[in-house]
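Chemist: Following this message is one structure expressed as C-alpha coordinates.
The values are calculated or read from the model by the stated rules, or taken from the named source; none is laboratory data. Note that the structure is predicted; figures quoted are calculated from it, not measured. Here the Cβ positions follow ideal geometry from the backbone for every residue, glycine too, while neighbour counts run over all protein chains shown.
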Amino acid sequence: MHILIGGGSGFVGSALTARFRARGDKVTWVSRAPGPDRISWLDVAAGRVPECDVVINLAGEHILNLRRRWNDEYRRDLVRSRVGTTSSLVNALNAMAKPPAVFISTAGKCFYGTAEVAADSRYPELDEYSRPMAMDFPASMVALWEDAANAIDTARIRHVHVRLGIILGAVERVSLLAKLWRIGRGRGILPLIRLPFCLGLGAVMGHGRQPMPWIHIDDVVGLFEHLVDARASRGRYNAVAPGIVSNREFTELLASRLHRPITWAAPASLVRAVVGEDRASILLDGQNVKPRRTLESGYFFRYPELQGALQDLVQITI
Ligand SMILES: NC(=O)c1ccc[n+]([C@@H]2O[C@H](COP(=O)([O-])OP(=O)(O)OC[C@H]3O[C@@H](n4cnc5c(N)ncnc54)[C@H](OP(=O)(O)O)[C@@H]3O)[C@@H](O)[C@H]2O)c1
(Lines give C-alpha, C1' and ligand atoms only; values in the text may rest on other atoms or scores of the structure.)
Protein backbone atom coordinates (compact mmCIF):
# COMPACT_ATOMS: atom_id res chain seq x y z
CA MET A 1 0.00 0.00 0.00
CA HIS A 2 0.99 3.63 -0.34
CA ILE A 3 0.38 5.48 2.92
CA LEU A 4 0.48 9.27 3.21
CA ILE A 5 1.07 10.60 6.74
CA GLY A 6 0.64 14.28 7.69
CA GLY A 7 3.08 15.03 10.56
CA GLY A 8 4.76 11.67 9.89
CA SER A 9 8.09 12.89 11.30
CA GLY A 10 6.72 13.06 14.86
CA PHE A 11 6.62 10.54 17.69
CA VAL A 12 3.60 8.57 16.45
CA GLY A 13 4.30 9.13 12.75
CA SER A 14 7.83 7.76 12.86
CA ALA A 15 6.71 4.66 14.80
CA LEU A 16 3.93 4.09 12.22
CA THR A 17 6.33 4.69 9.34
CA ALA A 18 8.80 2.11 10.68
CA ARG A 19 6.00 -0.46 11.05
CA PHE A 20 4.41 0.14 7.63
CA ARG A 21 7.79 0.15 5.85
CA ALA A 22 8.77 -3.08 7.66
CA ARG A 23 5.72 -4.76 6.16
CA GLY A 24 6.59 -3.54 2.67
CA ASP A 25 4.31 -0.50 2.37
CA LYS A 26 5.46 2.78 0.82
CA VAL A 27 5.18 5.78 3.14
CA THR A 28 5.20 9.47 2.16
CA TRP A 29 5.06 12.28 4.75
CA VAL A 30 3.41 15.64 4.50
CA SER A 31 5.90 17.87 6.29
CA ARG A 32 6.96 21.49 6.73
CA ALA A 33 10.56 20.40 6.11
CA PRO A 34 11.72 19.28 2.66
CA GLY A 35 13.29 15.85 2.16
CA PRO A 36 12.99 12.55 0.34
CA ASP A 37 9.60 10.79 0.39
CA ARG A 38 7.90 14.00 1.55
CA ILE A 39 5.46 16.48 0.11
CA SER A 40 4.67 19.90 1.57
CA TRP A 41 1.43 21.38 2.91
CA LEU A 42 1.58 23.77 -0.06
CA ASP A 43 1.40 20.71 -2.35
CA VAL A 44 -1.67 19.53 -0.44
CA ALA A 45 -3.32 22.96 -0.61
CA ALA A 46 -2.72 22.99 -4.38
CA GLY A 47 -4.29 19.52 -4.72
CA ARG A 48 -0.96 17.83 -5.56
CA VAL A 49 -1.61 14.71 -3.47
CA PRO A 50 -0.13 11.50 -4.90
CA GLU A 51 -2.36 8.50 -5.51
CA CYS A 52 -2.41 6.50 -2.27
CA ASP A 53 -4.43 3.90 -0.36
CA VAL A 54 -4.40 5.35 3.15
CA VAL A 55 -4.09 8.90 4.49
CA ILE A 56 -3.38 9.57 8.18
CA ASN A 57 -3.13 13.04 9.73
CA LEU A 58 -1.03 13.51 12.86
CA ALA A 59 0.17 17.08 12.27
CA GLY A 60 -0.12 19.58 15.08
CA GLU A 61 1.96 21.98 17.13
CA HIS A 62 2.79 20.31 20.48
CA ILE A 63 0.42 21.48 23.24
CA LEU A 64 3.01 21.07 26.02
CA ASN A 65 5.88 22.85 24.26
CA LEU A 66 7.41 24.54 27.30
CA ARG A 67 9.82 26.50 25.09
CA ARG A 68 6.86 28.62 23.94
CA ARG A 69 5.09 31.21 26.05
CA TRP A 70 1.42 30.43 26.58
CA ASN A 71 -0.30 33.32 24.78
CA ASP A 72 -2.86 34.04 22.00
CA GLU A 73 -0.31 33.41 19.26
CA TYR A 74 0.55 29.96 20.64
CA ARG A 75 -3.17 29.14 21.07
CA ARG A 76 -3.82 30.20 17.45
CA ASP A 77 -0.90 28.03 16.23
CA LEU A 78 -2.24 25.03 18.12
CA VAL A 79 -5.63 25.34 16.47
CA ARG A 80 -4.37 26.37 13.02
CA SER A 81 -1.80 23.54 12.80
CA ARG A 82 -4.54 20.96 13.44
CA VAL A 83 -7.63 22.42 11.80
CA GLY A 84 -5.72 23.96 8.86
CA THR A 85 -3.80 20.78 7.96
CA THR A 86 -6.89 18.60 8.38
CA SER A 87 -9.11 20.89 6.24
CA SER A 88 -6.44 21.11 3.60
CA LEU A 89 -6.12 17.31 3.39
CA VAL A 90 -9.89 16.78 3.45
CA ASN A 91 -10.43 19.28 0.58
CA ALA A 92 -7.66 17.67 -1.48
CA LEU A 93 -8.92 14.10 -0.87
CA ASN A 94 -12.56 15.00 -1.59
CA ALA A 95 -11.46 16.49 -4.92
CA MET A 96 -9.48 13.41 -6.05
CA ALA A 97 -10.87 11.35 -8.93
CA LYS A 98 -9.37 8.26 -7.28
CA PRO A 99 -9.36 9.01 -3.54
CA PRO A 100 -7.69 6.79 -0.91
CA ALA A 101 -9.75 3.95 0.54
CA VAL A 102 -9.36 5.21 4.10
CA PHE A 103 -8.72 8.50 5.90
CA ILE A 104 -7.61 8.29 9.54
CA SER A 105 -7.95 11.54 11.43
CA THR A 106 -6.71 11.91 14.99
CA ALA A 107 -7.36 13.98 18.08
CA GLY A 108 -6.73 13.61 21.79
CA LYS A 109 -8.67 12.41 24.81
CA CYS A 110 -8.99 16.15 25.56
CA PHE A 111 -12.15 15.88 23.43
CA TYR A 112 -13.99 14.88 26.62
CA GLY A 113 -13.14 18.12 28.43
CA THR A 114 -12.67 18.34 32.16
CA ALA A 115 -14.93 18.94 35.12
CA GLU A 116 -14.35 19.04 38.84
CA VAL A 117 -15.27 15.78 40.51
CA ALA A 118 -15.86 15.78 44.28
CA ALA A 119 -13.39 13.79 46.39
CA ASP A 120 -16.06 11.26 47.37
CA SER A 121 -17.41 10.79 43.79
CA ARG A 122 -16.18 8.62 40.92
CA TYR A 123 -15.08 10.10 37.60
CA PRO A 124 -17.81 9.28 35.03
CA GLU A 125 -16.92 6.60 32.46
CA LEU A 126 -16.50 8.06 28.97
CA ASP A 127 -16.44 6.01 25.80
CA GLU A 128 -16.75 6.69 22.07
CA TYR A 129 -20.50 7.32 22.47
CA SER A 130 -20.05 9.93 25.24
CA ARG A 131 -20.31 13.67 24.88
CA PRO A 132 -17.71 16.00 26.46
CA MET A 133 -18.09 16.56 30.21
CA ALA A 134 -17.45 20.31 29.71
CA MET A 135 -15.64 22.59 27.27
CA ASP A 136 -12.20 23.86 28.29
CA PHE A 137 -9.64 25.21 25.78
CA PRO A 138 -8.25 21.77 24.74
CA ALA A 139 -11.79 20.40 24.30
CA SER A 140 -12.86 23.38 22.15
CA MET A 141 -9.75 22.92 20.01
CA VAL A 142 -10.46 19.20 19.54
CA ALA A 143 -14.09 19.97 18.61
CA LEU A 144 -12.90 22.24 15.77
CA TRP A 145 -10.29 19.64 14.74
CA GLU A 146 -12.91 16.87 14.59
CA ASP A 147 -15.38 19.09 12.68
CA ALA A 148 -12.70 19.67 10.03
CA ALA A 149 -12.09 15.91 9.70
CA ASN A 150 -15.82 15.14 9.53
CA ALA A 151 -16.06 17.05 6.24
CA ILE A 152 -14.47 14.07 4.46
CA ASP A 153 -16.65 12.50 1.76
CA THR A 154 -17.67 9.30 3.59
CA ALA A 155 -19.59 8.03 0.54
CA ARG A 156 -16.22 7.48 -1.18
CA ILE A 157 -13.67 7.34 1.65
CA ARG A 158 -13.85 5.22 4.81
CA HIS A 159 -13.35 7.60 7.73
CA VAL A 160 -11.75 6.36 10.95
CA HIS A 161 -11.19 8.78 13.80
CA VAL A 162 -8.72 7.94 16.58
CA ARG A 163 -8.72 9.75 19.95
CA LEU A 164 -5.30 9.29 21.49
CA GLY A 165 -4.54 9.09 25.20
CA ILE A 166 -1.16 9.94 26.74
CA ILE A 167 1.31 7.92 24.68
CA LEU A 168 4.14 6.15 26.47
CA GLY A 169 7.31 5.48 24.46
CA ALA A 170 10.57 3.74 25.25
CA VAL A 171 13.26 5.05 27.55
CA GLU A 172 16.35 3.65 25.83
CA ARG A 173 20.02 4.31 26.41
CA VAL A 174 22.13 4.97 23.33
CA SER A 175 25.07 6.75 24.97
CA LEU A 176 26.38 7.50 28.43
CA LEU A 177 25.66 11.23 28.07
CA ALA A 178 22.15 10.64 26.80
CA LYS A 179 21.57 8.53 29.89
CA LEU A 180 21.48 11.72 31.94
CA TRP A 181 18.54 13.38 30.25
CA ARG A 182 16.40 12.64 27.22
CA ILE A 183 17.40 9.08 26.67
CA GLY A 184 18.34 8.05 23.15
CA ARG A 185 15.54 7.82 20.67
CA GLY A 186 12.88 7.83 23.35
CA ARG A 187 9.95 10.18 22.70
CA GLY A 188 6.78 11.07 24.51
CA ILE A 189 6.43 11.82 28.19
CA LEU A 190 8.48 9.02 29.84
CA PRO A 191 12.00 10.05 28.73
CA LEU A 192 11.22 13.62 29.84
CA ILE A 193 10.07 12.81 33.35
CA ARG A 194 12.58 10.05 34.05
CA LEU A 195 15.37 12.34 35.34
CA PRO A 196 13.19 14.26 37.84
CA PHE A 197 11.88 10.92 39.09
CA CYS A 198 15.42 9.56 39.41
CA LEU A 199 16.39 12.65 41.42
CA GLY A 200 13.52 12.00 43.78
CA LEU A 201 11.55 14.97 42.38
CA GLY A 202 8.78 12.93 40.78
CA ALA A 203 5.49 14.31 42.06
CA VAL A 204 1.80 13.55 42.15
CA MET A 205 -0.05 16.33 40.26
CA GLY A 206 -2.53 18.16 42.51
CA HIS A 207 -4.79 15.75 44.43
CA GLY A 208 -3.69 12.85 42.22
CA ARG A 209 -7.17 11.28 41.89
CA GLN A 210 -7.54 12.39 38.26
CA PRO A 211 -7.59 9.44 35.82
CA MET A 212 -4.70 9.24 33.31
CA PRO A 213 -5.76 7.57 30.08
CA TRP A 214 -2.47 6.18 28.74
CA ILE A 215 -1.42 3.85 25.90
CA HIS A 216 1.82 2.08 24.95
CA ILE A 217 3.26 3.29 21.61
CA ASP A 218 3.24 -0.32 20.30
CA ASP A 219 -0.52 -0.41 20.87
CA VAL A 220 -0.95 2.90 19.02
CA VAL A 221 0.87 1.36 16.06
CA GLY A 222 -0.98 -1.95 16.42
CA LEU A 223 -4.35 -0.18 16.56
CA PHE A 224 -3.69 1.96 13.46
CA GLU A 225 -2.59 -1.17 11.58
CA HIS A 226 -5.73 -2.99 12.74
CA LEU A 227 -7.99 -0.09 11.69
CA VAL A 228 -6.34 0.15 8.27
CA ASP A 229 -6.74 -3.59 7.67
CA ALA A 230 -10.21 -4.12 9.24
CA ARG A 231 -12.36 -2.84 6.39
CA ALA A 232 -15.53 -2.78 8.47
CA SER A 233 -14.07 -0.28 10.93
CA ARG A 234 -15.24 3.30 10.65
CA GLY A 235 -16.08 6.09 13.09
CA ARG A 236 -14.49 6.89 16.45
CA TYR A 237 -12.03 4.72 18.38
CA ASN A 238 -10.39 5.57 21.69
CA ALA A 239 -6.68 4.76 21.71
CA VAL A 240 -6.35 4.26 25.47
CA ALA A 241 -5.40 1.12 27.38
CA PRO A 242 -8.22 -0.67 29.25
CA GLY A 243 -6.20 -0.51 32.51
CA ILE A 244 -6.61 3.19 33.23
CA VAL A 245 -4.92 4.47 36.41
CA SER A 246 -5.10 7.63 38.50
CA ASN A 247 -2.27 10.16 38.41
CA ARG A 248 -1.20 8.95 41.87
CA GLU A 249 -1.11 5.32 40.74
CA PHE A 250 0.87 6.26 37.62
CA THR A 251 3.38 8.26 39.68
CA GLU A 252 3.80 5.51 42.27
CA LEU A 253 4.23 2.75 39.66
CA LEU A 254 6.85 4.74 37.72
CA ALA A 255 8.72 5.67 40.91
CA SER A 256 8.76 2.08 42.07
CA ARG A 257 10.00 0.93 38.63
CA LEU A 258 12.87 3.44 39.06
CA HIS A 259 13.41 2.37 42.70
CA ARG A 260 12.71 5.88 43.96
CA PRO A 261 10.30 7.21 46.60
CA ILE A 262 7.58 9.77 45.95
CA THR A 263 8.18 12.54 48.45
CA TRP A 264 5.81 15.33 47.43
CA ALA A 265 2.72 16.39 45.49
CA ALA A 266 2.94 19.42 43.17
CA PRO A 267 0.18 21.82 44.31
CA ALA A 268 -2.37 22.72 41.63
CA SER A 269 -1.35 26.40 41.91
CA LEU A 270 2.28 25.53 41.03
CA VAL A 271 1.24 23.42 38.02
CA ARG A 272 -0.98 26.29 36.79
CA ALA A 273 1.88 28.78 37.21
CA VAL A 274 4.30 26.58 35.24
CA VAL A 275 2.16 25.41 32.31
CA GLY A 276 -0.56 28.10 32.25
CA GLU A 277 -4.21 28.04 33.36
CA ASP A 278 -5.65 26.82 30.04
CA ARG A 279 -3.60 23.66 29.70
CA ALA A 280 -3.10 22.87 33.38
CA SER A 281 -6.37 20.93 33.05
CA ILE A 282 -4.44 18.33 30.99
CA LEU A 283 -2.34 17.52 34.07
CA LEU A 284 -4.72 18.34 36.91
CA ASP A 285 -8.15 17.15 35.70
CA GLY A 286 -8.32 13.80 34.01
CA GLN A 287 -10.94 11.86 32.09
CA ASN A 288 -11.96 8.26 32.75
CA VAL A 289 -11.80 7.21 29.08
CA LYS A 290 -12.62 3.63 28.04
CA PRO A 291 -11.71 1.97 24.70
CA ARG A 292 -15.20 0.46 24.23
CA ARG A 293 -15.47 0.50 20.41
CA THR A 294 -11.76 -0.30 20.12
CA LEU A 295 -12.26 -3.55 22.05
CA GLU A 296 -15.52 -4.27 20.19
CA SER A 297 -13.59 -3.91 16.91
CA GLY A 298 -11.51 -6.95 17.90
CA TYR A 299 -8.32 -5.08 18.74
CA PHE A 300 -6.24 -7.02 21.28
CA PHE A 301 -4.03 -4.80 23.49
CA ARG A 302 -0.46 -6.03 23.92
CA TYR A 303 -0.15 -3.83 27.02
CA PRO A 304 -3.54 -3.53 28.72
CA GLU A 305 -2.04 -2.77 32.16
CA LEU A 306 0.44 -0.04 33.15
CA GLN A 307 2.78 -2.32 35.08
CA GLY A 308 3.54 -4.44 31.99
CA ALA A 309 3.93 -1.32 29.82
CA LEU A 310 6.44 0.26 32.22
CA GLN A 311 8.37 -2.99 32.51
CA ASP A 312 8.72 -3.00 28.75
CA LEU A 313 9.44 0.72 28.27
CA VAL A 314 11.62 1.63 31.24
CA GLN A 315 14.52 -0.79 30.93
CA ILE A 316 17.08 1.46 32.59
CA THR A 317 16.50 1.71 36.30
CA ILE A 318 18.94 2.98 38.92
N1 LIG B 1 1.96 12.12 22.06
C2 LIG B 1 0.86 12.10 22.80
O3 LIG B 1 0.87 11.65 23.98
C4 LIG B 1 -0.47 12.57 22.19
C5 LIG B 1 -1.63 12.43 22.97
C6 LIG B 1 -2.84 12.85 22.45
C7 LIG B 1 -2.89 13.42 21.19
N8 LIG B 1 -1.76 13.55 20.46
C9 LIG B 1 -1.87 14.17 19.12
O10 LIG B 1 -1.49 13.24 18.13
C11 LIG B 1 -0.77 13.89 17.09
C12 LIG B 1 0.58 13.19 16.90
O13 LIG B 1 1.26 13.18 18.16
P14 LIG B 1 2.86 13.12 18.22
O15 LIG B 1 3.19 12.84 19.65
O16 LIG B 1 3.38 12.26 17.15
O17 LIG B 1 3.22 14.64 17.90
P18 LIG B 1 4.66 15.26 17.52
O19 LIG B 1 5.78 14.32 17.83
O20 LIG B 1 4.71 16.61 18.13
O21 LIG B 1 4.59 15.37 15.92
C22 LIG B 1 3.63 16.12 15.26
C23 LIG B 1 4.14 16.50 13.88
O24 LIG B 1 3.30 17.55 13.43
C25 LIG B 1 4.05 18.44 12.63
N26 LIG B 1 3.84 19.81 13.12
C27 LIG B 1 4.28 20.36 14.29
N28 LIG B 1 3.92 21.65 14.37
C29 LIG B 1 3.25 21.92 13.21
C30 LIG B 1 2.66 23.09 12.68
N31 LIG B 1 2.69 24.26 13.36
N32 LIG B 1 2.04 23.02 11.46
C33 LIG B 1 2.02 21.85 10.76
N34 LIG B 1 2.60 20.71 11.19
C35 LIG B 1 3.19 20.75 12.42
C36 LIG B 1 5.53 18.07 12.75
O37 LIG B 1 5.96 17.50 11.49
P38 LIG B 1 6.96 18.33 10.50
O39 LIG B 1 7.97 19.00 11.36
O40 LIG B 1 7.55 17.25 9.64
O41 LIG B 1 6.11 19.27 9.74
C42 LIG B 1 5.55 17.02 13.84
O43 LIG B 1 6.49 16.00 13.60
C44 LIG B 1 -0.60 15.35 17.50
O45 LIG B 1 -1.50 16.14 16.78
C46 LIG B 1 -0.92 15.35 18.98
O47 LIG B 1 -1.58 16.55 19.38
C48 LIG B 1 -0.55 13.13 20.93
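Chemist: Among the numbered conditions (1) at pLDDT below 95; (2) within 12 Å of the ligand (Cβ to nearest atom), tell me where I39 comes up short.
Modeler: With respect to (1) at pLDDT below 95; (2) within 12 Å of the ligand (Cβ to nearest atom), I39 is out only on (1).
Chemist: Are any of the residues in segment 121-143 out of contact with any strand residue (DSSP E or B) (no Cβ under 6 Å at 6 or more places or on another chain), modelled with pLDDT of 95 or more and under 21 Å from L4 (Cβ atoms)?
Modeler: So far as segment 121-143 goes, no, none of its residues is out of contact with any strand residue (DSSP E or B) (no Cβ under 6 Å at 6 or more places or on another chain), modelled with pLDDT of 95 or more and under 21 Å from L4 (Cβ atoms).
Chemist: Being buried (at least 22 other Cβ atoms within 10 Å of the Cβ) and among the aromatic types (F, W, Y) is the filter; apply it to segment 73-129 and report the residue that is farthest from D153 (Cα to Cα).
Modeler: Y112
Chemist: Then there's this: Go over the candidates Q287, Q311, Q307 one by one and state the one that is among the polar types (S, T, N, Q) and closer than 25 Å to S130 by Cα.
Modeler: Values: Q311 fails: closer than 25 Å to S130 by Cα; Q307 fails: closer than 25 Å to S130 by Cα.
Just one listed residue meets the conditions, Q287.
Chemist: Give me a count of the residues in segment 10-28 that are under 18 Å from the mean Cα position of the chain (by Cα) and under 20 Å from V90 (Cα atoms).
Modeler: Initial filter on segment 10-28 (under 18 Å from the mean Cα position of the chain (by Cα)): 10-19.
If we keep only those that are under 20 Å from V90 (Cα atoms) as well, we get 13.
Selection size over segment 10-28: 1.
Chemist: Same structure, new question: Among the helices (runs of 4 or more DSSP H) lying completely within segment 158-270, list those that include at least 1 residues that are over 30 Å from P132 (Cα atoms) and at pLDDT below 95.
Modeler: Working: elements: 189-198, 217-229, 247-257.
Once the helices (runs of 4 or more DSSP H) in segment 158-270 are filtered for at least 1 residues that are over 30 Å from P132 (Cα atoms) and at pLDDT below 95, what remains is 189-198, 247-257.
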